[in-house]
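What follows is a short report on a single structure.
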Amino acid sequence: MKKLFYAAILILFFLAALTLNLKNPQPVTIFYYFGLEWHTSLVIALTAAFALGMLLGWLIMTVSVFKNKRQVGKARKQLAKAEKEVENLRTMPIKDEV
């Protein structure tokens, strides 16, 4: 079901890009630093900017997810250690000191 949803979103994205291309066919020039420039249509420039933003967002999110998974792993190890210690304390006999 998830793949179908992502496929539908991708198709809608390409349809939007196609309609934008049909309505805005004018060429644009994008100037970079060091004298570099890129000649392309407006829709391709917008699509590239959108895709680059999505890629950067995904990379930042992935780093955050891995960091959180590592923290969860450490917390689970600490929990297991504490549970084992509690279980050991429960099984120890009680000694009366007189």
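For segment 17-31, how many residues meet the condition of being within 29 Å of the chain's Cα centre (by Cα) and at pLDDT 85 or above? Write out each step before concluding.
Going through segment 17-31, the residues within 29 Å of the chain's Cα centre (by Cα) turn out to be 17-21, 30.
When the remaining residues are screened for being at pLDDT 85 or above, the result is 19, 30.
Count: 2.
Restricting attention to segment 9-39 and to residues that are closer than 17 Å to Ala49 by Cα and among the aromatic types (Phe, Trp, Tyr), the residue that is surrounded by the most Cβ atoms within 10 Å (Cβ to Cβ) turns out to be Phe13.
For Phe5, state whether it is at pLDDT below 85 and within 27 Å of the chain's Cα centre (by Cα). Spell out how you get there, then give the answer.
On the way: at pLDDT below 85: no; within 27 Å of the chain's Cα centre (by Cα): yes.
Answer is no for this residue.
To keep it simple, each residue is scored yes or no on (1) assigned to a strand (DSSP E or B); (2) among the small types (Gly, Ala, Ser); (3) in contact (Cβ under 8 Å) with a residue 12 or more places away in the chain; (4) in contact with a His (Cβ under 9 Å, 6 or more places away or on another chain).
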{"position": "Ile30", "(1), (2), (3), (4)": "yes, no, yes, yes"}
{"position": "Ala49", "(1), (2), (3), (4)": "no, yes, no, no"}
{"position": "Leu55", "(1), (2), (3), (4)": "no, no, no, no"}
{"position": "Ile60", "(1), (2), (3), (4)": "no, no, no, no"}
{"position": "Gly73", "(1), (2), (3), (4)": "no, yes, no, no"}
{"position": "Gln78", "(1), (2), (3), (4)": "no, no, no, no"}
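The values are calculated or read from the model by the stated rules, or taken from the named source; none is laboratory data. This one's a predicted model, so the numbers in the text were calculated from it and none came from an experiment. Please note: Cβ atoms are built from the backbone with ideal geometry, for glycine as well, and neighbour counts cover all protein chains shown.
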